[in-house]
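Enquirer: My structure is below; once you've seen it, I'll send some questions.
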Amino acid sequence: MNKTRKILLIVSGGIAAYKTLSLIRLLRENEFQVRVVMTKAAEQFVTPLSLASLSEDKVYTDLFSLTDEAEMGHIQLSRDADLLLVVPASADLMSKMANGMCNDLASTVLLATDKPVMIAPAMNVRMWHHPATQDNFAKLKSRDVKVIGPVEGVMACGEYGLGRMVEPEEILEVVKTHFEEVANSKQPLLIGRKVLVTSGPTHEPIDPVRYIANRSSGRQGHAIATALQKAGAEVTLVSGPTRLADPVGVKVIHVESACAMLDACQENGRFDVAVFAAAVADWRVKNAGAQKTKKENGKLPVLEFAENPDILKTVSNAGNDRPELVVGFAAETENVVEYASAKRIRKSCDWILANDVSPETGTFGGEKNSIHFIHSAGVESWEEMSKQAVAERLVEKVVAYFNG
Ligand code: CTP
């Protein structure tokens, strides 16, 4: 059995529930592994025994059954599958899903899952058109639940209209397409590539309790680390202090100051790609105190500054240790492209992602970025987009660089 094609079929109450019998047969003929959860209402339309016989597995019905929990808890049930398929999806179950209710096994599994969910609604035409159902439908779609159908036709109750469930053959096709898309998107584009990313601000100590910082949130650098990891790269993220969670699957080294950030970049091996998204402080306090500075009868402390190492420039000029592709950022408040193009040459990096950080743009510490992508052959100006979208666009460029 192909382990990447496990379907958890959730059957809710409705006359169309009998069609799940042929759906299970079709899915299994196409080498999908099917495990069934059914609601109490579904048991009025199709028996657990027939579903168990066709799926050749136990059918799960009860949230609080000790036997079921001993064999497989509801969390594990939802996580063990690659896809959750709700057929038929009654108005009641759609409403529970849309509103996060979880008072039986089916709704609890749907709330606990981190896997893609597809639903095939089936209900009376008036129930389907009711604003409550339409609101639930819109909510589910906005959360990336894939809705298959319903279609128009004669209903079991004799009325005609939209609300009939799509046929099992059509559901099978949608499921097959979904798995094909997953297989295509999982191409290990940057497998084996070692990537370094810096992110966040640095904190430069004044004394053991005070520091100088900047407003960088680290969102852009962390999004880049996540996107590179998803593309298969082996990512090391050197992060200044942020409020963000460590990205999953990424080696994260937490540092405070610019000097510590440079050390971490140099001490963690050789990289194929390095992306410098950190907002590194340009200066550190030369006369930082070893003890907390005390107030002395109105005498004001005088801070002396020393220039911090330029991490990007140092790594770009590291000779044999230079990563093949070095990417910097440029934060500018005026003459963005001109200053950033000069910065690319001054810092010997291959690409610069320049952004306007003047206060009116809200870029620094904010959600969005408008980037000018500067390389040796010119400038591409990207439309304003989320930091995640910038990260994904950059990863596309990195993939194209290595894979042509
Ligand atoms: N950078 C770095 N180390 C520093 C300063 C900056 O690695 N000490 C990196 C940043 O991570 C970014 C790029 O250099 O990728 C440009 O940063 P930016 O703040 O725009 O430029 P600065 O070098 O600080 O120049 P200026 O402040 O004069 O604009």
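Enquirer: Give the Rg/Rh ratio for region 268-311, taking Rg as the radius of gyration of the Cα atoms and Rh as the Kirkwood radius, to two decimals.
Expert: Dividing the radius of gyration by the Kirkwood radius yields 1.21.
Enquirer: Something else about it: Ignoring ligands, DNA and RNA, what percent of the accessible area of the chain is carbon or sulfur (1.4 Å)?
Expert: About 51 percent, which is the carbon plus sulfur part of the accessible surface.
Enquirer: Follow-up. Considering the zone a paramagnetic label at GLU43 would reach in this model (a point 7 Å from Cα along the Cα-to-Cβ line), which residues of region 77-109 have amide N under 15 Å from it?
Expert: Hits in region 77-109 for GLU43 at 15 Å: 104-107.
Enquirer: Under 5 Å between amide hydrogens, which residues at least 5 positions from VAL147 or on another chain qualify, with H placed 1.01 Å from N in the peptide plane?
Expert: ILE119
Enquirer: Still on this structure, I have one more. How big is D, in µm² s⁻¹, for region 1-122 by Stokes-Einstein at 4 °C and 1.567 mPa s if Rh is the Kirkwood radius over C-alpha pairs?
Expert: 92
Enquirer: Once Rh for the chain is found with the Kirkwood sum over Cα pairs, what is the Stokes-Einstein diffusion coefficient at 10 °C and 1.306 mPa s, in µm²/s?
Expert: Rounded to a whole number, D works out at 64 µm²/s.
Enquirer: Highest mean first, what order results for 317-323, 248-254 on Cβ atoms within 10 Å?
Expert: 248-254, 317-323
Enquirer: Now a separate question. Report, in degrees rounded to the nearest 10, the 0 to 90 angle that the Cα long axis of helix 131-142 makes with the longest principal axis of the chain.
Expert: Rounded to the nearest ten degrees, it is 50.
Enquirer: Can you give me the angle between helix 336-346 and the longest principal axis of the chain, using Cα atoms only, in degrees from 0 to 90, rounded to the nearest 10?
Expert: Compared with the principal axis, the helix lies near 70 degrees.
Enquirer: What does the convex hull of the Cα atoms come to per residue for region 301-351, in Å³?
Expert: 103
Enquirer: Taking the Cα centre of the chain as origin, work out the dipole magnitude from +1 charges on Lys and Arg Cβ and -1 charges on Asp and Glu Cβ, in debye rounded to 20. Walk me through the intermediate numbers first.
Expert: Working: 45 positive and 51 negative charges, 149 e Å.
For this selection, approximately 720 debye.
Enquirer: Give me the extension gain from ALA138 to LEU244: residue separation times 0.36 nm, minus the current Cα-Cα distance, reported in nm with one decimal.
Expert: Extending this stretch completely gives an extra 35.1 nm.
Enquirer: Right, something else. Per the Debye formula with a single identical scatterer at each Cα and no solvent contribution, what log10 I(q)/I(0) holds for region 118-166 at q = 0.20, 0.31 Å⁻¹?
Expert: -0.62, -1.15
Enquirer: Continuing with the same structure: Given GLN33, MET118, ALA400, which one lies farthest toward the positive end of the charge dipole of the chain, if we put +1 on the Cβ of every Lys and Arg and -1 on the Cβ of every Asp and Glu?
Expert: Projecting each Cα onto the dipole axis, the largest value belongs to ALA400.
Enquirer: Here's something else I'd like to know. Counting each DSSP H run of 4 or more residues in the chain as -39500 (n - 2.57), what helix-only mean residue ellipticity at 222 nm follows after dividing by all residues, to the nearest 500 deg cm²/dmol?
Expert: Dividing the helical sum by the residues of the chain leaves -10000 deg cm²/dmol.
Enquirer: Let me ask something else about it. Using only Cα atoms and rounding to the nearest 10 degrees, what angle (0 to 90) does helix 258-267 make with the longest principal axis of the chain?
Expert: 70
Enquirer: Residue separation times 0.36 nm, minus the C-alpha to C-alpha distance between HIS178 and GLU31: what's the value?
Expert: Taking 0.36 nm per residue and subtracting the Cα distance, the gain is 51.5 nm.
Enquirer: Under a 1.4 Å probe, what is the accessible area of the chain per residue, stated in Å²?
Expert: 51
Enquirer: Moving on. Determine, from the Cβ-Cβ distance of LYS299 and HIS254 and an R0 of 30 Å, the FRET efficiency 1/(1 + (r/R0)^6), rounded to the nearest 0.05.
Expert: 0.25
Enquirer: Using θ = phi - 60° and the Karplus curve 6.51 cos²θ - 1.76 cosθ + 1.60, what whole-Hz ³J(HN,Hα) does each residue of region 19-29 get, with Gly and Pro shown as x?
Expert: Per residue, the Karplus-derived 3J(HN,Hα) values read 5, 5, 5, 6, 5, 4, 4, 4, 4, 5, 4 Hz.
Enquirer: Mind giving me the nanometre distance, one decimal, between the label points for GLU334 and SER348, set 7 Å out from Cα along Cα→Cβ?
Expert: Modelled inter-label distance: 3.1 nm.
Enquirer: Using 5 Å bins from zero, what percent of all Cα-Cα pairs in region 48-184 falls into each bin?
Expert: 2, 10, 16, 21, 21, 16, 10, 4, 1, 0
Enquirer: Hey, if you put +1 on the Cβ of every Lys and Arg and -1 on every Asp and Glu Cβ in the chain, which of GLY289, TYR339, ALA213 ends up farthest toward the positive end of that dipole?
Expert: My answer, from the dipole projection, is GLY289.
Enquirer: What's log10 of I(q)/I(0) for region 1-50 at q = 0.15, 0.24, 0.26, 0.31 Å⁻¹, Debye sum over Cα points only, no solvent?
Expert: Debye intensities relative to I(0), on a log10 scale: -0.39, -0.86, -0.95, -1.18.
Enquirer: Give me the distance between the Cα centres of region 342-403 and region 226-248, rounded to whole Å.
Expert: The two parts, judged by their Cα centres, are 18 Å apart.
Enquirer: Next up: From the cross-link list LYS6/LYS141; LYS230/LYS387; LYS96/LYS141, which pairs have alpha carbons spaced over 21 Å apart?
Expert: Listed pairs above 21 Å: LYS6/LYS141.
Enquirer: Return, ordered by residue number, the residues of region 294-314 whose backbone nitrogen is under 17 Å from a label point located 7 Å along Cα→Cβ of ARG210.
Expert: 294-306
Enquirer: By what distance, in whole Å, do the Cα atoms of region 194-403 stretch along each of the three principal axes, largest value first?
Expert: Its Cα atoms span 64, 38, 33 Å along the three principal axes.
Enquirer: Step through the residues of region 320-331 one at a time and calculate ³J(HN,Hα) from phi using the Karplus curve (6.51 cos²θ - 1.76 cosθ + 1.60, θ = phi - 60°), rounding each to whole Hz and writing x for Gly and Pro.
Expert: 5, 8, 5, x, 4, 10, 10, 10, x, 10, 9, 9
Enquirer: Determine ³J(HN,Hα), in whole Hz, for all residues of region 146-153 in sequence, where each value follows from phi through the Karplus function 6.51 cos²θ - 1.76 cosθ + 1.60 and θ = phi - 60°; x replaces Gly and Pro.
Expert: 8, 9, 9, x, x, 10, 8, x
The values are calculated or read from the model by the stated rules, or taken from the named source; none is laboratory data. What you see is a predicted model; the values in this text were computed from it and never measured. Backbone-built Cβ (ideal geometry, glycine too); neighbour counts: all protein chains shown. Calculation scope for accessible area: heavy atoms of the full protein, side chains included, ligands and nucleic acids excluded. Shrake-Rupley method; radii C 1.70, N 1.55, O 1.52, S 1.80 Å.
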